[in-house]
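Undergrad: Below are the structure tokens for one structure; questions will follow.
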């Protein structure tokens with residue numbers, strides 16, 4: 001403890017360093033009072049938003065907006081805390097208008113530190129954490145209660161709007177993607193059909209729908225050819241019989257008629273035979289053409305399966321988009337609107353001034369003790385005996401030659417001079 005070993009030494013130090021202690025304490029109290037008066041009160045306001053589950057179960061109508069609500073809230077918070085959004089809010093409500101010296105960046109930092117967004121995780125279902133949030137709390141700390149309420153309400157409103165807009169936008173993008181994919185597959189099928197038609201025309205290949213028709217036509221021609229052959233046989237027999245039984249003039253006339261009928265039947269036979277040859281040539285294909293037709297068939301089957309899949313996905317995306325636009329999916333609702341604070345959230349100025357005064361007194365005592373350490377002088381008989389082991393023969397106190405003053409000041413001066421002496425005598 002240095003030169004302070006007893007209570008008498010401590011009081012003696014207080015008497016000697018009273019001026020320093022008084023000056024330091026007064027200056028510290030003035031500074032504490034100034035800081036307490038210059039401190040601005042801060043008001044607290046909070047808005048509570050509930051994250052509501054989808055109205056329709058996923059088994060009946062699945063939403064296309066995937067991902068946990070915690071990740072979506074994190075993205076929304078990042079967009080809310082962006083510089084542009086904060087500047088819009090500052091300009092809208094004229095925040096920090098009483099601080100014209102602040103720059104835009106400083107205002108953005110102050111507002112970013114004054115607003116906090118916290119989420120409460122929902123109860124787990126089983127052992128897995130799906131990242132679902134049940135309650136979202138937006139807290140604002142502002143110089144006035146009105147500003148705190150307005151800022152908390154503004155952030156809550158923007159949070160709900162961003163949540164709705166982001167979900168609708170994600171559902172719209174999903175629907176647009178699958179619709180474009182379906183249209184692309186449909187265009188590929190149309191292009192393949194055109195390619196197959198060009199291939200059939202180039203290789204004289206009948207379309208699948210006309211092959212059976214041409215085969216039936218060939219069968220009908222064959223039957224007509226058989227009928228012509230039968231008629232020709234009947235005509236020849238009739239001519240031979242007329243030649244044998246009829247008179248020569250009648251036989252010649254009937255033979256001439258038979259020749260005309262045979263000529264007509266031969267012309268029909270030639271025409272049908274030419275048509276048959278044409279149809280048979282059209283029905284005949286080479287192995288290379290057959291292989292290419294198989295390739296086309298497999299490609300067409302694959303594209304049709306892909307088109308069916310994309311159509312299913314598009315239908316699901318359309319249902320999800322309708323869910324989001326009709327607000328049937330996950331949504332945010334205000335559970336507790338931001339209220340107007342009755343009292344400031346910061347501590348009272350009186351308490352801060354009192355704490356500053358106590359701290360100033362402690363600092364003054366520390367300064368006095370430091371001054372005592374810098375001048376370790378033996379000031380009493382007890383200190384001399386304790387330090388050297390020799391008891392002084394006599395102890396002459398310091399004589400104050402100033403004339404005594406009357407009144408309260410003189411009384412206090414006398415008590416300050418006599419108190420250390422009595423304590424020193426008791427200690428010795």
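Undergrad: Can you name every residue in the range 83-109 that is free of Cβ contacts under 8 Å to residues at least 40 places away in the same chain and either touching a strand residue (DSSP E or B) at 6+ places or on another chain (Cβ under 9 Å) or under 28 Å from residue 335 (Cβ atoms) (or both)?
TA: 86, 88, 90
Undergrad: Is it the case that the range 155-172 has a residue that's touching a residue at least 12 places away in the same chain (Cβ under 8 Å) and more than 17 Å from the chain's Cα centre (by Cα)? Write out each step before concluding.
TA: Within the range 155-172, the subset touching a residue at least 12 places away in the same chain (Cβ under 8 Å) is 155-156, 158-160, 162-164, 166-168, 170-172.
Among the residues that remain, those that are also more than 17 Å from the chain's Cα centre (by Cα) are: none.
No - not one qualifying residue is present in the range 155-172.
Undergrad: If the requirement is being in a helix (DSSP H, G or I), more than 22 Å from the chain's Cα centre (by Cα) and over 30 Å from residue 99 (Cβ atoms), which of these qualifies: 226, 175?
TA: 226
Undergrad: Return the residues of the range 136-152 that are more than 27 Å from residue 71 (Cα to Cα) and touching a strand residue (DSSP E or B) at 6+ places or on another chain (Cβ under 8 Å); say none if nothing qualifies.
TA: Within the range 136-152, 142, 143, 144, 145, 147 meet the criteria.
Read-outs: derived from the displayed coordinates by stated rules, not from any lab. These numbers come from a predicted model, not from an experiment. With ideal geometry, Cβ positions are generated from the backbone for all residues, glycine too; neighbour counts draw on all protein chains shown.
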